[in-house]
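Chemist: I have a structure here, written as structure tokens, and I will follow up with some questions on it.
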Amino acid sequence: MTITTERAYGARRVYETIPLDGEAVALRLSDRVIELGPKEAAFYDRVAEWLPSSRPLAALALDAGVGPAGLERRLGQLAEAGLLYRKDSLPAVVSGIELHRDYFAKLLPSWLDEAFSHPFWERMTSGGGSLRLFAGWLIELYHYTRNANRHMPLSCAHTRDKPLKALRAKHYAEEWNHYHYFMKSLKALGYSEPAVSSSVPLPMTLALSNFMRQAAREDILAYSICSAVLEGTTIERATYNPYYQRCAELYSVPNEAIQPIYAHLDLDVKYQHSDLFLDILKEVDVVPAARAGRILDYGHQLAEHIWLWTDNIERYYDREDNPMPRRPFDPRLE
Ligand SMILES: [Fe+2]
């Protein structure tokens with residue numbers, strides 16, 4: 001494929017654009033940061049705008065004020081820097097194991113960084129949070145975990161391959177009642193069981209569950225990557241201990257409210273749920289590139305959902321006058 005066949009390049013995902021002095025920028029990708037001077041940054045913006053459009057290559061050349069040779073050279077420079085990739089350099093198919101090893105495992109750390117880049121985490125662990133926010137987060141975790149009963153069996157139903165169906169069913173059997181751990185914590189914090197179980201999840205909690213349902217319907221591997229991103233947060237104690245430990249100290253969370261959370265995390269580690277995605281992909285011989293791209297996009301979208309979920313939790317529970325737990329609509333109270 002040459003440049004004259006129009007869109008020979010694709011753009012790598014930019015996670016963050018940091019303005020530098022005098023119109024220069026630093027672009028953060030999953031694996032590197034690339035600094036562009038003002039001219040290169042302006043050219044890159046034009047290319048990024050042009051790629052998903054249906055405008056001809058000549059229009060880009062005209063916008064950029066260069067001839068065909070100059071355009072090819074400058075696109076090549078962006079590709080060399082790592083901002084663009086040549087579409088013909090991608091394999092037409094990957095095996096399940098390659099998808100895990102060469103793409104998912106490399107991208108997961110940047111997805112988790114993005115998911116947990118919300119200021120809520122820094123605020124909570126540096127003492128600017130509150131017991132109310134801590135409990136609010138637990139209420140929404142309770143709802144999300146209980147809602148697993150809405151997407152996990154759905155994922156089994158939509159799986160056509162028997163080995164994958166069996167793996168998904170096993171995961172469901174191990175997970176279906178884990179919301180009880182969060183109920184235990186919330187009871188230790190003084191919330192009654194009926195008040196929590198009859199409460200209404202926040203919109204973003206429901207959005208996250210429904211996103212999982214959508215993934216389950218579209219492609220079992222898309223669903224499984226989302227599940228793997230969530231499990232990625234619980235691989236070892238070192239990654240989740242500091243948050244709960246710090247909150248316990250800062251906001252006087254009683255030990256009885258922390259213990260069920262650790263018991264749950266330990267159980268998920270014991271079940272080795274973080275290995276499930278690889279176990280599933282070992283059963284898949286061939287994934288065409290287009291499908292692989294869609295699967296990876298689901299994984300990234302899940303990370304974005306976690307960020308938005310955290311944002312919704314902080315905004316809602318930060319307001320002292322918002323009911324907690326969140327009540328169902330009752331016209332008699334309005
Ligand atoms: Fe669990």
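The values are calculated or read from the model by the stated rules, or taken from the named source; none is laboratory data. Predicted, not measured: the structure shown is a model, and the values here were computed from it. Reconstructed Cβ throughout: ideal geometry from the backbone, glycine too, with neighbour counts over all protein chains shown. Ligands, DNA and RNA are excluded from the accessible area calculation, which covers all protein heavy atoms including side chains. Shrake-Rupley method; radii C 1.70, N 1.55, O 1.52, S 1.80 Å.
Chemist: Any idea how many residues of the range 171-215 are assigned to a helix (DSSP H, G or I), within 13 Å of the ligand (Cβ to nearest atom) and touching a Leu at 6+ places or on another chain (Cβ under 9 Å)?
Modeler: Within the range 171-215, residues that are assigned to a helix (DSSP H, G or I), within 13 Å of the ligand (Cβ to nearest atom) and touching a Leu at 6+ places or on another chain (Cβ under 9 Å) number 5.
Chemist: Pairs under 7 Å by beta carbon, first residue on the phi < 0 side of the Ramachandran plot in the range 37-58, partner among the aliphatic types (A, V, I, L, M) and open to solvent by 30 Å² or more (accessible area, probe 1.4 Å), six or more apart or different chains?
Modeler: Close Cβ pairs (under 7 Å, with a partner that is among the aliphatic types (A, V, I, L, M) and open to solvent by 30 Å² or more (accessible area, probe 1.4 Å)) amount to ALA48/ALA11; LEU51/ALA11.
Conditions tested, residue by residue: (1) in contact (Cβ under 8 Å) with a residue 60 or more places away in the chain; (2) under 19 Å from the mean Cα position of the chain (by Cα); (3) farther than 30 Å from SER198 by Cβ.
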{"site": "TRP111", "(1), (2), (3)": "yes, yes, yes"}
{"site": "GLU114", "(1), (2), (3)": "yes, yes, yes"}
{"site": "GLU122", "(1), (2), (3)": "no, yes, yes"}
{"site": "SER126", "(1), (2), (3)": "no, no, yes"}
{"site": "TRP137", "(1), (2), (3)": "yes, yes, no"}
{"site": "GLU140", "(1), (2), (3)": "yes, yes, no"}
{"site": "ASN149", "(1), (2), (3)": "no, no, no"}
{"site": "PRO153", "(1), (2), (3)": "no, no, no"}
{"site": "THR159", "(1), (2), (3)": "yes, no, yes"}
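Chemist: I'd like the full set of residues that are closer than 23 Å to GLU114 by Cβ, touching a residue at least 60 places away in the same chain (Cβ under 8 Å) and among the small types (Gly, Ala, Ser), limited to the range 274-326.
Modeler: Those that are closer than 23 Å to GLU114 by Cβ, touching a residue at least 60 places away in the same chain (Cβ under 8 Å) and among the small types (Gly, Ala, Ser): ALA292, GLY299, ALA303.
Chemist: A further question on this structure: Return yes or no: is LEU206 over 17 Å from ALA257 (Cβ atoms), surrounded by 14 or more Cβ atoms within 10 Å (Cβ to Cβ) and at pLDDT below 95? Spell out the reasoning first.
Modeler: On the way: over 17 Å from ALA257 (Cβ atoms): yes; surrounded by 14 or more Cβ atoms within 10 Å (Cβ to Cβ): yes; at pLDDT below 95: no.
It is false that LEU206 is over 17 Å from ALA257 (Cβ atoms), surrounded by 14 or more Cβ atoms within 10 Å (Cβ to Cβ) and at pLDDT below 95.
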